[in-house]
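The values are calculated or read from the model by the stated rules, or taken from the named source; none is laboratory data. All of these numbers come straight from a predicted model, not from anything done at the bench. Because the Cβ atoms are built from the backbone with ideal geometry, glycine has one as well, and the counts that use them run over all protein chains shown. Just so you know, the surface numbers come from the protein's heavy atoms only, side chains and all, with ligands and any DNA or RNA stripped out. Shrake-Rupley method; radii C 1.70, N 1.55, O 1.52, S 1.80 Å.
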Amino acid sequence: MIPVAKWRVWIDEEYCVGDAVCVSFCPEVFELDEETGKARTKVDIIGEDLYDCVKEALEACTAACIYMEQIE
């Protein structure tokens, strides 16, 4: 059986500017918090199916506050 890669995704909300770029790239993983106006993750662990859209969101983030680390 081939192991499936997984990644942990998180946002440093202190630095988020709330421009929702991440939401536009990957709405399956990111959303805006209505109270704070800042982005947050809907899920903390992603698989290969969401890797590309999270990577694009991470690279497009104007505040550089999205992080992803491989855990498996």
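A few points about this structure:
- Approximate spin-label separation residue 8-residue 24, in nm, with each point projected 7 Å along Cα-to-Cβ: 3.0
- Relative to the Cα centre, the charge distribution of the chain, modelled as +1 at Lys and Arg Cβ and -1 at Asp and Glu Cβ, gives a dipole magnitude of about 140 debye.
- Positive dipole terminus of the chain, leading residue within 37, 64, 5 (C-beta point charges): 5
- Taking the longest Cα principal axis of the chain as reference, the axis of helix 48-60 is set at about 40 degrees.
- HN-Hα J in Hz across region 12-21 - Karplus 6.51, -1.76, 1.60, θ = phi - 60°, x for Gly and Pro: 7, 4, 4, 9, 5, 9, x, 7, 6, 4
- Peptide ranges 19-31, 35-47 listed from the most packed, as the mean C-beta count within 10 angstrom indicates: 19-31, 35-47
- The shape of the chain comes out prolate: with a ≥ b ≥ c from the C-alpha gyration tensor, a/c is at least 1.5 and a/b beats b/c.
- Surface composition of region 8-65: carbon and sulfur make up 46 percent of the accessible area, probe 1.4 Å.
- Per residue solvent-accessible surface (Å²) - the chain, probe of 1.4 Å: 65
- Measuring from each cysteine beta-carbon in the chain, the ones with no other cysteine beta-carbon under 4.7 angstrom are 16, 22, 61, 65.
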